[in-house]
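Student: What follows is a single structure, and I will ask about it in a moment.
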Amino acid sequence: MTPIPRQDGPPVVTLRAAALSYGDRAVWSGLDLDVRPGEFLAVLGPNGAGKTSFVRALLGRRPLSGGTLTVLGGPAREAARHIGYVPQQAALSAQALLRARDLVRFGIDGHRFGPRLRTAGIRRRVDEILESVGASAYADVPLGMLSGGERQRVRIGQALATDPRLLLCDEPLLSLDLNHQRAVTELIDARRRSHGTAVVFVTHEINPVLGLADRVLYLARGGHRVGTPDEVLTSESLSRLYGTRVDVVRVRGRVVVAGAPDETTGPPHHPEQAHETDGVRA
């Protein structure tokens, strides 16, 4: 496996005593975290725990309620040009008629006002990106005609178009089968290994990235835990976090969490169904 380039110097992301609230409801607080160049941080937790809000804070789209956040040494909103963002899959609406190459092109010059430049260099760069994510075969196909896995390849290409130092991925594996999950995670891992790009990867299931994650940030209503997967994904650690009994079982190299509350509905009336293919349900 290609070694991951670890760079000296300041962290890509730094949070100190960070807190986020919606009105009177504290989503998370007291968060101290550094994300280093080339690090793969998996962000886990139940619905309503603030995972997407965490990503929005890093993008500069959601101000903290307390504490401090710096991205690439400055305010998050000033670092946007150096951040690649892979959003959750959503209805295509206005994007349905865009070709795959058009979406990647937006990643290169979508920030510019006025007419977009049509140069051979930009066309060549778009073709290179599409090839790097395995999307050349459908470069001129409208997004609405692509499968979910194909669209995610194109979205990753768009996110990589600006040569980002930080890659934020918000549930990029939703609605994908195992083969497409593997392809998407391999693309993202290849980027951080070749360029030392820091990756923040929000996911409901840890198993597709269990072998890639250097550390886990687990968010829950009772607080948060930060550490290696072996440190965080234990029955003792998650039981303390939730304040109720949670069982973590490892089956043939996969992690299954049973009994974790779904915070959109309150404490569980029974443990979650623990199927091997479920991974961490959150």
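The values are calculated or read from the model by the stated rules, or taken from the named source; none is laboratory data. Fair warning: this is a prediction, and the values are worked out from it, not measured in the lab. When we count neighbours, we look across all protein chains shown, and the Cβ atoms used for this are built from the backbone with ideal geometry, even at glycine.
Student: Working only within segment 43-73, note down all residues that are in a loop (DSSP other than H, G, I, E, B) and over 29 Å from Ser239 (Cβ atoms).
Tutor: Leu59, Gly60, Arg61, Arg62, Pro63, Leu72, Gly73, listed by residue number.
Student: Between a first residue in segment 128-155 that is within 18 Å of Gln181 (Cα to Cα) and in contact (Cβ under 8 Å) with a residue 40 or more places away in the chain and a second residue that is hydrophobic (A, V, I, L, M, F, W, C) and part of a strand (DSSP E or B), which pairs have beta carbons less than 9 Å apart while being 6 or more apart in sequence or on different chains?
Tutor: Close Cβ pairs (under 9 Å, with a partner that is hydrophobic (A, V, I, L, M, F, W, C) and part of a strand (DSSP E or B)) amount to Gln152/Val86; Arg155/Val86.
Student: Right, next: Out of Leu44, Leu31, Leu64, report the one residue that is touching a residue at least 24 places away in the same chain (Cβ under 8 Å) and over 26 Å from Glu205 (Cβ atoms).
Tutor: It is Leu64.
Student: Further question on the same structure: Do you know which of the residues in segment 70-84 that are out of contact with any His (no Cβ under 8 Å at 6 or more places or on another chain) and not small (Gly, Ala, Ser) is surrounded by the most Cβ atoms within 10 Å (Cβ to Cβ)?
Tutor: Val71
Student: Does segment 209-224 hold any residues that are surrounded by fewer than 21 Cβ atoms within 10 Å (Cβ to Cβ) and under 17 Å from the mean Cα position of the chain (by Cα), and which are they?
Tutor: Leu210, Gly211, Leu212, Asp214, Arg215, listed by residue number.
Student: Can Ala258 be described as free of Cβ contacts under 8 Å to residues at least 60 places away in the same chain and out of contact with any Ser or Thr (no Cβ under 6 Å at 6 or more places or on another chain)?
Tutor: Against the criterion (free of Cβ contacts under 8 Å to residues at least 60 places away in the same chain and out of contact with any Ser or Thr (no Cβ under 6 Å at 6 or more places or on another chain)), Ala258 qualifies.
Student: Can you tell me which residue in segment 199-238 is modelled with the lowest pLDDT, limited to those that are in contact with an Asp or Glu (Cβ under 6 Å, 6 or more places away or on another chain) and assigned to a loop (DSSP other than H, G, I, E, B)?
Tutor: Out of the qualifying residues, it is Arg221.
Student: Answer yes or no as to whether Leu130 is closer than 18 Å to Ile188 by Cβ, touching a strand residue (DSSP E or B) at 6+ places or on another chain (Cβ under 6 Å) and modelled with pLDDT of 85 or more.
Tutor: Considered against the rule, which asks whether it is closer than 18 Å to Ile188 by Cβ, touching a strand residue (DSSP E or B) at 6+ places or on another chain (Cβ under 6 Å) and modelled with pLDDT of 85 or more, Leu130 comes out as no.
Student: Only residues in segment 219-247 that are over 20 Å from Ser21 (Cβ atoms) and of a type in the set (S, T, N, Q) count as the first member; pair them with residues that are in a loop (DSSP other than H, G, I, E, B) and modelled with pLDDT of 95 or more, Cβ under 8 angstrom, at least 6 apart or cross-chain, and list the lot.
Tutor: Thr228/Asp214
Student: Kindly indicate whether any position in segment 134-145 is out of contact with any strand residue (DSSP E or B) (no Cβ under 8 Å at 6 or more places or on another chain), of a type in the set (S, T, N, Q) and exposed (fewer than 14 other Cβ atoms within 10 Å of the Cβ).
Tutor: Scanning segment 134-145, I find no residue that is out of contact with any strand residue (DSSP E or B) (no Cβ under 8 Å at 6 or more places or on another chain), of a type in the set (S, T, N, Q) and exposed (fewer than 14 other Cβ atoms within 10 Å of the Cβ), so the answer is no.
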